[in-house]
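Presented below is the structure to which this report refers.
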Ligand SMILES: Nc1ncnc2c1ncn2[C@@H]1O[C@H](COP(=O)(O)OP(=O)(O)O)[C@@H](O)[C@H]1O
Ligand SMILES: [Mg+2]
């Protein structure tokens, strides 16, 4: 009886060991794929920058052409910075399963201004496909500032705007609007675009880590499927919500609702004196 039960225990342990090894192998493979993806995606804009610089230094170029090339350099650099930030957030999420380690001071943010600045950053990426980004200032401009971790909230909207440009139909307009929701003490922002199809079963899954639709894979094989996952984590950290739907003009709409002061008292707050000298 005893011999049998110890043999059974041994067999169970062996089985557990085998499963753990399999899991470890799977995770290692995932990590390697992830790192390959990171480097592949970062190399693309850096190569484009190199190519533009070669272009501008080797040929006799007029001022107008040079300005155009420099705008493309700026746009590709924006993509590289954006990707690097997402990858940093991603490694943090993988390590802690939380963004808490990143907690920075809260500061009041005017979402309308932030969105206008981000749209300017991403607009050059839309030029080739005649995609225009527009921010409808009213009524968003009169919404109160939200007290948030600015670098993280910027990343949420960068991810949404980047997607909108990337997946928009050719020669279409992206519209960003929003409003104050006094009853919920929150500010709500919508990013709307006409774009690649999104089926109901995709809409249920696009915030999952790594999920990409087949159409997105065909269009941009190098994507990661991390953008919306990161965005959702950050929004949840701010006790807000993020949803996807279609509006009455059949545009895809991502809606982010951020409470005005949800984190007040729960983390450090940045006073007006040490306000960042940067543009946003
Ligand atoms: N604005 C959009 N229009 C159409 N599809 C979108 C849009 N934003 C996201 N998606 C879909 O959601 C998926 C997940 O997006 P995301 O997490 O940012 O990853 P990635 O952009 O790397 O594919 C995309 O692959 C795409 O299928
Ligand atoms: Mg994306």
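The values are calculated or read from the model by the stated rules, or taken from the named source; none is laboratory data. Predicted model only: the values in this text are computed from it and were never measured. Positions of Cβ are generated from backbone atoms using ideal geometry, with glycine treated the same way; all protein chains shown enter the neighbour counts.
Taking residue 156, is it away from ligand 2 (no atom under 16 Å from the Cβ), buried (at least 21 other Cβ atoms within 10 Å of the Cβ) and closer than 17 Å to residue 258 by Cβ?
Considered against the rule, which asks whether it is away from ligand 2 (no atom under 16 Å from the Cβ), buried (at least 21 other Cβ atoms within 10 Å of the Cβ) and closer than 17 Å to residue 258 by Cβ, residue 156 comes out as no.
When you look at residue 93, is it touching a strand residue (DSSP E or B) at 6+ places or on another chain (Cβ under 6 Å) and surrounded by 12 or more Cβ atoms within 10 Å (Cβ to Cβ), yes or no?
Spelling it out, it is not the case that residue 93 is touching a strand residue (DSSP E or B) at 6+ places or on another chain (Cβ under 6 Å) and surrounded by 12 or more Cβ atoms within 10 Å (Cβ to Cβ).
Do we have residue 204 as within 14 Å of ligand 2 (Cβ to nearest atom), exposed (fewer than 14 other Cβ atoms within 10 Å of the Cβ) and either within 30 Å of residue 105 (Cβ to Cβ) or not assigned by TED's automatic domain parsing to the domain that holds residue 92 (or both) here?
no
Could you run through the range 132-149 and say how many residues are without any contact (Cβ under 8 Å) to a residue 60 or more places away in the chain and either over 20 Å from residue 167 (Cβ atoms) or crowded, with 18+ Cβ neighbours inside 10 Å (or both)?
Adding up the residues that qualify gives 10.
Within the range 240-257, is even one residue assigned to a helix (DSSP H, G or I), surrounded by 13 or more Cβ atoms within 10 Å (Cβ to Cβ) and touching a residue at least 24 places away in the same chain (Cβ under 8 Å)?
no
Do you know which of the residues in the range 166-184 that are within 16 Å of ligand 2 (Cβ to nearest atom) and farther than 14 Å from residue 115 by Cα is surrounded by the most Cβ atoms within 10 Å (Cβ to Cβ)?
Restricting to residues being within 16 Å of ligand 2 (Cβ to nearest atom) and farther than 14 Å from residue 115 by Cα, the top hit is 168.
Does residue 153 count as more than 16 Å from ligand 1 (Cβ to nearest atom) and on the phi < 0 side of the Ramachandran plot?
The answer is yes for residue 153.
Kindly indicate whether residue 119 is surrounded by fewer than 22 Cβ atoms within 10 Å (Cβ to Cβ), touching a residue at least 24 places away in the same chain (Cβ under 8 Å), within 15 Å of ligand 1 (Cβ to nearest atom) and not assigned by TED's automatic domain parsing to the domain that holds residue 35.
For residue 119, the condition - surrounded by fewer than 22 Cβ atoms within 10 Å (Cβ to Cβ), touching a residue at least 24 places away in the same chain (Cβ under 8 Å), within 15 Å of ligand 1 (Cβ to nearest atom) and not assigned by TED's automatic domain parsing to the domain that holds residue 35 - is met.
Which residues, counting only those in the range 215-239, are within 8 Å of ligand 1 (Cβ to nearest atom), without any contact (Cβ under 8 Å) to a residue 40 or more places away in the chain and surrounded by fewer than 15 Cβ atoms within 10 Å (Cβ to Cβ)?
217
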